[in-house]
Amino acid sequence: MTDTPAWFTAAIDTLPERIHVDAVGASINAFVWGDAGKPGIVLIHGGAAHAQWWSHIAPAFLPDYRVVALDLSGHGDSDRRERYGLDLWTDEVIAVIDAAEFASKPVVVGHSMGGFVTIATAARHNDRLGGAIIIDSPVVKIDPEVEQARRTNDFAKAKVYDDPEIPVAKFRTIPAQENYLPYVKEYVARNSLRQFDDGQWGWKFDPTVFIPKRDDASTYLRDIRCRVALLRCEHGLVTRDIGDYMYAEMGRVAPVIELPTAGHHPMLDVPLILITALRSLLADWDHSHPLRRA
């Protein structure tokens, strides 16, 4: 990778501990940065993504926090299942929290589909979270990956390649966006591949994740009682109208913050803006009292 800034190199050189947690019959892979006994942050990736989308984000919260990024089942290096849904993924998040040795209730941060998982976790386990931050998860629309699966054959069959450089060059996000930082995109792409026993290479996610009907995350919004915030990307999927809807459904007590210039995947184009927004929310939540629903 050329023209890679020092902050990014330092972040990915901060190597995490790797753990495996049993959750509802599946082994869930997770990466852990920071010392046990610190306040916790749990990072949840989007659809077809994986925990290492956060590798350049997580170290920014050291040494004040212990940070965990997990691979949801069907993604990354976690097990695959016969079926997937918000209920199972929520149980996986709680299993990882139980294993993480946090000093207090963690803040869960989820992007896109991971934001839907965050919403469901906050609604089903209000007493287990210190807060929830949702990043560009448009609850009144279909997940972009699910929509793509229904419109095309992109996920009908897992693609394999003889040379890993081919899929790295082909790597793209759903939805596509105008800007990516090339060094972040290349890092994420290379860590999105696995090599099979026959020597071929393929993407780590299970394509069947996007086939079945997905639970509707919007039904959970009114049940969130912990602190909650929505980060809306300027060029993302959460429009102002969707942001207003989510704000109302969450009791008009959740800040809705726009990330300027960001596409739907802000860790790929504006990671430092994303880190600043997360740091600001965490700092405020450490020193303020939450508003409560009327």
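Yes/no matrix, rows are residues, columns are (1) part of a strand (DSSP E or B); (2) surrounded by fewer than 19 Cβ atoms within 10 Å (Cβ to Cβ):
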position: TYR245; (1), (2): no, yes
position: ALA262; (1), (2): yes, no
position: LEU282; (1), (2): no, no
position: HIS289; (1), (2): no, yes
Flag if ASN179 is polar (S, T, N, Q), at pLDDT 95 or above and more than 16 Å from the chain's Cα centre (by Cα): yes
Among strands (runs of 3 or more DSSP E) entirely within region 1-108, at least 3 residues that are touching a residue at least 60 places away in the same chain (Cβ under 8 Å) occur in 17-23, 26-33, 40-44
Restricted to region 124-141 and to residues being aliphatic (A, V, I, L, M) and touching a Lys or Arg at 6+ places or on another chain (Cβ under 8 Å), the residue farthest from SER218 (Cα to Cα) is LEU129
Within region 109-130, the count of residues that are over 15 Å from the mean Cα position of the chain (by Cα) and either crowded, with 24+ Cβ neighbours inside 10 Å or in a loop (DSSP other than H, G, I, E, B) (or both) comes to 3
Result of the Cβ filter at 8 Å on region 112-133, keeping first residues that are modelled with pLDDT under 95 and partners that are buried (at least 24 other Cβ atoms within 10 Å of the Cβ) and outside any helix (DSSP H, G or I), at least 6 apart or interchain, is ASN126/ILE224
Within region 185-216, residues being surrounded by 17 or more Cβ atoms within 10 Å (Cβ to Cβ), of a type in the set (A, V, I, L, M, F, W, C) and over 14 Å from HIS50 (Cα atoms) number 2
Residue hits (region 184-204; not in a loop (DSSP other than H, G, I, E, B) and not polar (S, T, N, Q)) are VAL184, LYS185, GLU186, TYR187, VAL188, ALA189, ARG190, LEU193, ARG194, TRP201, GLY202, TRP203
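Each row is one residue, and each column tells you yes or no for (1) of a type outside the set (S, T, N, Q); (2) within 17 Å of the chain's Cα centre (by Cα); (3) within 23 Å of ALA123 (Cα to Cα); (4) surrounded by fewer than 19 Cβ atoms within 10 Å (Cβ to Cβ).
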| position | (1), (2), (3), (4) |
| --- | --- |
| TRP7 | yes, no, no, yes |
| ASP13 | yes, no, no, yes |
| ALA30 | yes, yes, yes, no |
| ALA36 | yes, no, no, yes |
| TRP54 | yes, yes, no, no |
| PRO59 | yes, yes, no, no |
| LEU62 | yes, no, no, yes |
| VAL96 | yes, yes, yes, no |
Discussion item. Any residue at all in region 225-242 that's over 21 Å from LEU70 (Cα atoms), in contact (Cβ under 8 Å) with a residue 60 or more places away in the chain and part of a helix (DSSP H, G or I)?
Written reply: yes
_Considering only region 265-272, I want to know if a residue exists there that is in a helix (DSSP H, G or I), surrounded by fewer than 17 Cβ atoms within 10 Å (Cβ to Cβ) and at pLDDT 95 or above._
yes
Scanning region 74-94 for residues that are more than 25 Å from ALA254 (Cα to Cα) and not charged (D, E, K, R), the one surrounded by the most Cβ atoms within 10 Å (Cβ to Cβ) turns out to be HIS75
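The values are calculated or read from the model by the stated rules, or taken from the named source; none is laboratory data. Values in this document were obtained by computation on a predicted structure and should not be read as measured data. Positions of Cβ are generated from backbone atoms using ideal geometry, with glycine treated the same way; all protein chains shown enter the neighbour counts.
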